[in-house]
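The values are calculated or read from the model by the stated rules, or taken from the named source; none is laboratory data. As the structure is a computational prediction, the values presented were derived from the model and not from experiment. Virtual Cβ from ideal backbone geometry, glycine too; neighbours counted across all protein chains shown.
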There are 2 protein chains.
Amino acid sequence: MTGRDGGAELNPIDPSPVVILVRPQLAENIGAVARAMGNGGLFHLRLVAPRDGWPQERAWRLASGAHRILDALTVHETVADAVADLHRVFATCPRPRHIIKPMLTARGAAAEIHAIGNRGLNCGILFGPERAGLDNDDIAEADSLIRYDLNPDFMSLNLAQAVMIMAYEWYVARAPDAPVKTLQTNKTDIATKFALDHFIDHLVRECDASGFLKNPQKRTGMVRNLRHFFQRGEATTQELNTLHGIISELVRKRESGTPDA
Amino acid sequence: MTGRDGGAELNPIDPSPVVILVRPQLAENIGAVARAMGNGGLFHLRLVAPRDGWPQERAWRLASGAHRILDALTVHETVADAVADLHRVFATCPRPRHIIKPMLTARGAAAEIHAIGNRGLNCGILFGPERAGLDNDDIAEADSLIRYDLNPDFMSLNLAQAVMIMAYEWYVARAPDAPVKTLQTNKTDIATKFALDHFIDHLVRECDASGFLKNPQKRTGMVRNLRHFFQRGEATTQELNTLHGIISELVRKRESGTPDA
């Protein structure tokens, strides 16, 4: 969504899980994976038997600044070698296999990976090759499976997208943001209720003066509805000033005899 | 993760929000967005003033089978036209603006979009151009902002990744899977406790016969530990049969005088 080059800021956030790409085919996808890892605050990347060898310049071009992740990655001949120093290994596995292991959603896995990391243990997550996915021997290296909660009618998930979802869930599980918040910057102070009342008084006074509220039976309800309306949407000081100005201007025109419409 | 072509299965799941790409630059990204939408069960796509015009054959090549989404999309000259028939519009906005609107996380927005859809209202989500993101005029068309809970030190989020996260959250919020479940297929029945007891009895009987459990002070604890071990990990019927066979075979060798080791 932004074009900012963030390579310089990327640093390991530990404990963070190791992303292990098993027999990846396209260098572009490895670069896109590094970018997705950067988005989700992951840093540790390992490749098992990349099809076209390593390094590949095309990966750096697709990483959108996540160069440090690529610079620091390690290459391994086998899955067993890539997971040798880890304590827990998860395998992303979109299709049921004839195997019994705990199977987690991405969200469930993210929570468990944090819990494991908080015990000082190291986790890895296996992602299979673009076309075939992990094979049974790869999965035999894993303690648990991860299956994403996604549309079963369209399972063609890009490798970098698969890493993105896991990295995102890991990042959110770290310290989730409140689901709703209101953005306020120093340029836009929300008006106090006192300021709002002052404005509504101004408005009602001029409505009275104009005859708009001349029906006494309707006046109370109409004023209340005006108040409801202006309470909604957190008016800013600047917005109220603008509205004050509009009212004053309309009054000035009416008093000077200029037609309103 | 899989290479399955799922184009034929894609159908609208309603109520589902409309994805609106504002001034998208690369046709490849539009195709990748359609693929991500298919993964997350979204269907309705609109383009506002695509830079290179429309249609673009490259989009279909990157959609990995999500052709029906591209075939059905509509093109609009302005954001106002693209949102005209919608009731609520969200704008993805990674950076704070000098504006006051409700700001939601992707997860919070997904919950709200479902709530809105369940009231029979139509939602749209605006995604900005690859480099610059949405501008202030675009955002003025939106009721609420969405800011993803992702690493603030590396904000370079690919357009299709941005759509993927929102589509994923929408799909998960629809009917979230249990965070942990155990996969069972018809080829791997988990053994009953009766079958497990039967196996442990077999094992203990042969341990007794072999003299392995001859110390009466240790026997109780050792049998309990064996039981603990085999309780763990949900043994399957087939695994128990294999273990039965191993014990029988070891016994047969001992009885026939063949050395064990």
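Per the listing B:G53, B:G41, the residue uniquely outside any helix (DSSP H, G or I), under 26 Å from A:D153 (Cβ atoms) and of a type in the set (G, A, S) is B:G41. Counting just the residues of segment B:140-165 that are aliphatic (A, V, I, L, M) and assigned to a loop (DSSP other than H, G, I, E, B), which one comes out farthest from A:F154 (Cα to Cα)? Top of the filtered list is B:A140. Quick check on my filter: what residues within segment A:187-203 are farther than 15 Å from A:I246 by Cβ, β-branched (V, I, T) and outside any loop (DSSP other than H, G, I, E, B)? Passing the criteria: only A:I190. Annotation note: of A:T78, A:T105, the sole residue that is within 12 Å of chain B (Cβ to nearest Cβ) and out of contact with any Ser or Thr (no Cβ under 7 Å at 6 or more places or on another chain) is A:T105.
Of all the residues in segment A:49-87, those that are touching a Leu at 6+ places or on another chain (Cβ under 6 Å) and not hydrophobic (A, V, I, L, M, F, W, C) number 2. A:D260 meets all of the listed conditions (1) exposed (fewer than 13 other Cβ atoms within 10 Å of the Cβ); (2) part of a loop (DSSP other than H, G, I, E, B); (3) at pLDDT 80 or above but one, namely (3). Yes or no: A:Y168 part of a loop (DSSP other than H, G, I, E, B), modelled with pLDDT of 75 or more, on the phi < 0 side of the Ramachandran plot and not acidic (D, E)? Spelling it out, it is not the case that A:Y168 is part of a loop (DSSP other than H, G, I, E, B), modelled with pLDDT of 75 or more, on the phi < 0 side of the Ramachandran plot and not acidic (D, E). Scanning segment A:38-68 for residues that are more than 20 Å from the chain's Cα centre (by Cα), aliphatic (A, V, I, L, M) and closer than 18 Å to A:A82 by Cα, we see that the one that is nearest to the other protein chains (Cβ to nearest Cβ) is A:L45.
Of the candidates A:A106, A:A111, A:A115, A:A82, the single residue that is among the small types (G, A, S) and either free of Cβ contacts under 8 Å to residues at least 60 places away in the same chain or surrounded by fewer than 14 Cβ atoms within 10 Å (Cβ to Cβ) (or both) is A:A115.
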